[in-house]
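The values are calculated or read from the model by the stated rules, or taken from the named source; none is laboratory data. Computed from a predicted model, the values in this text were never measured in an experiment. Note: ideal-geometry Cβ built from the backbone for every residue, glycine included; neighbour counts use all protein chains shown. Accessible surface areas use protein heavy atoms only, side chains included; no ligands, DNA or RNA. Shrake-Rupley method; radii C 1.70, N 1.55, O 1.52, S 1.80 Å.
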Amino acid sequence: MSDQKRRRKLDPSASSSASTSKKPRASSSSNYAQDLCKQLKPDADILSSLRRLSAATSAAASSQKPVSISDLDLSSSCREVTDLDSFAVVHSIERLILSVARSILSGQGFSFDVPSRASSNQLYVPELDRIVLLDKSSSRPFTNLSTVRKATITARVLSLIHAVLLRQIHVTKRDLFYTDVKLFGDQNQSDAVLDDVSCMLCCTRSSLHVVASEKGVVVGRLVFLDDGDRIDCTRMGIGGKAIPPNIDRVSGLESDALFVLLVEKDAAFMRLAEDRFYNRFPCIILTAKGQPDVATRLFVRRLKVELKLPVLALVDSDPYGLKILSVYMCGSKNMSYDSANLTCPDIKWLGVRPSDLDKYRVPEQCRLPMTEQDVKAGKDLLEEDFVKRNEGWVKELEMMIKTRQKAEIQALSSFGFQYLTEVYLPLKLQQRDWL
């Protein structure tokens, strides 16, 4: 669709009668939306700006040497995990179980030395712009009533992982739980111990061959191989291609995209996919449909590192949208031990921002009042170190808490179902309005 036709489509006043043109415009949100549409430059100008951004991101990625924990002189030692092959993980498990057997035979019982994943054992490192896990551990003895069940679950999970790796297969976390429902009681128990085991063996969770069910989806200007099968993400319809839960089978990433667009929710993803936004502005569009899973976080990082593309994010204007964005950027506290493989620190916050609600005159009836829990979540975010070092984030969060208003991405649909793809996002890209 040409720029002229697109403006005509979104601007009914262009073909209205003379009597219609006499209506007052000052306080009308819909008329203001039409005015914004007229501010759009030709797509060629916006694409030119995006090409410069993409080139600058690629050049910076090629010239800058990645900083790791080993390069820093930290006052506390940290624990990080790495990708290990099946043989190495099996060997680590067998050595651990041999030490347990020796302890039992010597009459001392057995105990697991488990790294602590408590908040008090985590540290935000500004030079890395991500959360890391400090090297502090706690004992999990079988002979103690308070830890006997957790020690038993740990031994059982180690046994199951050992069997999976010997068979060279992958299983889901749900599969793992159903192998011994009576022992685990709840999947949260087996999931938590699975993370403990990753820390104990100093390997990524992917190295254990235990994955979550498919959640994230991708669409747009991307071609890759999924276990040898060629996948063209421009031919995946509005539902997109499910991101494989075992990312190690993904290879051969190819793209002519200028950026990656990370979307919080499925509804906005479907709007972008159906409107073929990636054809107008060459991009790769992803969503984890809410809280990001490990596979989606790994996939985003691979796109960023291997394709050297800038990543822009579109989330709800509320504390939980920002929490989701922060997980992509600097990691989750639950998996801080693997933050080196799961984070993209320089993601740019495109929208929807609290300041956008007035800037784009989102109608009052489309804004939602923040609950006390929302306000508390916003204030808690302001106390996070990674937020404090970003002046733009602080300003937006303070505005959100002061106005006590939030809004979903879908609030933009009040101006028209395609306003998101035809006006809001193009204007954001044109103005390079991101944090």
*open to solvent by 30 Å² or more (accessible area, probe 1.4 Å), of a type in the set (Gly, Ala, Ser), at pLDDT 90 or above and part of a helix (DSSP H, G or I), is that true of ALA273?*
no
*Listed residues TRP393, TRP349; which is assigned to a strand (DSSP E or B) and on the phi < 0 side of the Ramachandran plot?*
TRP349
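Every residue, every condition in (1) acidic (Asp, Glu); (2) within 27 Å of the chain's Cα centre (by Cα); (3) more than 30 Å from VAL423 (Cα to Cα), yes or no:
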site: ASP35; (1), (2), (3): yes, no, no
site: LEU50; (1), (2), (3): no, yes, no
site: ALA61; (1), (2), (3): no, yes, yes
site: PRO66; (1), (2), (3): no, yes, yes
site: SER70; (1), (2), (3): no, yes, yes
site: SER75; (1), (2), (3): no, no, yes
site: VAL90; (1), (2), (3): no, no, yes
site: SER99; (1), (2), (3): no, no, yes
*Just checking, how many residues over the range 368-411 are of a type in the set (D, E, K, R), open to solvent by 80 Å² or more (accessible area, probe 1.4 Å) and under 19 Å from GLU264 (Cβ atoms)?*
0
*asked:* What's the total number of residues in the range 171-183 that are more than 16 Å from THR147 (Cβ to Cβ) and either touching a Phe, Trp or Tyr at 6+ places or on another chain (Cβ under 8 Å) or among the hydrophobic types (A, V, I, L, M, F, W, C) (or both)?
replied: 4
_Given the condition open to solvent by 20 Å² or more (accessible area, probe 1.4 Å), over 20 Å from VAL300 (Cα atoms), in contact (Cβ under 8 Å) with a residue 40 or more places away in the chain and in contact with a strand residue (DSSP E or B) (Cβ under 7 Å, 6 or more places away or on another chain), answer yes or no: does some residue in the range 213-225 qualify?_
no
*Considering SER119, SER190, which residue is open to solvent by 60 Å² or more (accessible area, probe 1.4 Å) and closer than 16 Å to MET335 by Cβ?*
SER119
_Checking ASN334 against (1) at pLDDT 90 or above; (2) open to solvent by 10 Å² or more (accessible area, probe 1.4 Å); (3) assigned to a helix (DSSP H, G or I); (4) of a type outside the set (D, E, K, R): exactly one of these is not met. Which one?_
(1)
_Single match in GLU306, GLU274 (criterion: under 15 Å from VAL219 (Cβ atoms) and of a type outside the set (A, V, I, L, M, F, W, C))_ = GLU274
*What number of residues within the range 226-244 satisfy the criterion of being under 24 Å from ARG205 (Cα atoms) and surrounded by 13 or more Cβ atoms within 10 Å (Cβ to Cβ)?*
5
*For residues that are without any contact (Cβ under 8 Å) to a residue 60 or more places away in the chain and within 28 Å of GLN430 (Cβ to Cβ), scanning just the range 276-300, find the one that is surrounded by the fewest Cβ atoms within 10 Å (Cβ to Cβ).*
ASN279
*In the range 310-331, what count of residues is obtained for those that are more than 12 Å from the chain's Cα centre (by Cα) and either open to solvent by less than 10 Å² (accessible area, probe 1.4 Å) or farther than 18 Å from MET399 by Cβ (or both)?*
4
*With THR154, THR179, THR234 as the choices, which residue is within 23 Å of the chain's Cα centre (by Cα), of a type in the set (Ser, Thr, Tyr) and at pLDDT 90 or above?*
THR234
*Residues of the range 245-257 classified as open to solvent by less than 20 Å² (accessible area, probe 1.4 Å) and over 21 Å from ASP338 (Cα atoms), total*: 1
*asked:* Just to be sure I understand, how many residues within the range 200-211 are open to solvent by less than 30 Å² (accessible area, probe 1.4 Å) and either within 18 Å of ARG174 (Cβ to Cβ) or not in a helix (DSSP H, G or I) (or both)?
replied: 7
_All but one of (1) modelled with pLDDT under 90; (2) open to solvent by 20 Å² or more (accessible area, probe 1.4 Å); (3) more than 19 Å from the chain's Cα centre (by Cα) hold for VAL423; state the number of the condition that does not hold._
(2)
*Please enumerate the residues belonging to the range 47-76 that are part of a loop (DSSP other than H, G, I, E, B), without any contact (Cβ under 8 Å) to a residue 12 or more places away in the chain and of a type in the set (S, T, N, Q).*
GLN64, SER75
*Residue check, VAL197 open to solvent by less than 10 Å² (accessible area, probe 1.4 Å), touching a Lys or Arg at 6+ places or on another chain (Cβ under 9 Å), of a type in the set (A, V, I, L, M, F, W, C) and part of a helix (DSSP H, G or I)*: yes
